[in-house]
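Participant: Sharing a structure with you now.
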Amino acid sequence: MGKNDVRNYYNELVEAIASVDDPEKLARFFDELFTPAERARFALRWELMVLLAHGYTQREVADRLGVSLCKVTRGAKILKNPSSVTWELLERMEEAHAKKNPAQ
């Protein structure tokens with residue numbers, strides 16, 4: 001598979017994911033498409049971003065999650081950009097969590 005094929009299938013996958021409007025259906029799709037180990041890596045990457053967004057230092061995140069400082073630094077670089085999509089999604093999830101749990 002050439003680079004163009006990979007990019008085309010990647011773009012098609014992004015479109016497919018974006019078309020799913022039901023979180024449960026999206027979770028089922030991920031369960032079907034990705035192995036448990038792949039899903040765990042995605043979840044770990046998201047946890048890394050959440051911890052950084054909540055003010056943990058890069059070293060604290062690396063120690064807490066048992067990952068390399070290089071992996072955490074990559075996440076920190078993304079979060080340095082206030083217009084990153086990751087920031088937008090983190091804020092959206094924080095707002096949704098606050099609505100579900102107003103006392104916290």
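Participant: Quick check on this structure: which one of ASN4, ASN8 is farther than 21 Å from LEU90 by Cα, exposed (fewer than 10 other Cβ atoms within 10 Å of the Cβ) and without any contact (Cβ under 8 Å) to a residue 12 or more places away in the chain?
Facilitator: Residue meeting the stated conditions: ASN4.
Participant: Has segment 8-21 got at least one residue that is at pLDDT 95 or above, among the hydrophobic types (A, V, I, L, M, F, W, C) and either over 21 Å from THR86 (Cα atoms) or outside any helix (DSSP H, G or I) (or both)?
Facilitator: yes
The values are calculated or read from the model by the stated rules, or taken from the named source; none is laboratory data. All values derive from a computational prediction rather than experimental measurement. Heads up, the Cβs are rebuilt from the backbone with ideal geometry, glycines too, and the neighbour counts pull from every protein chain shown.
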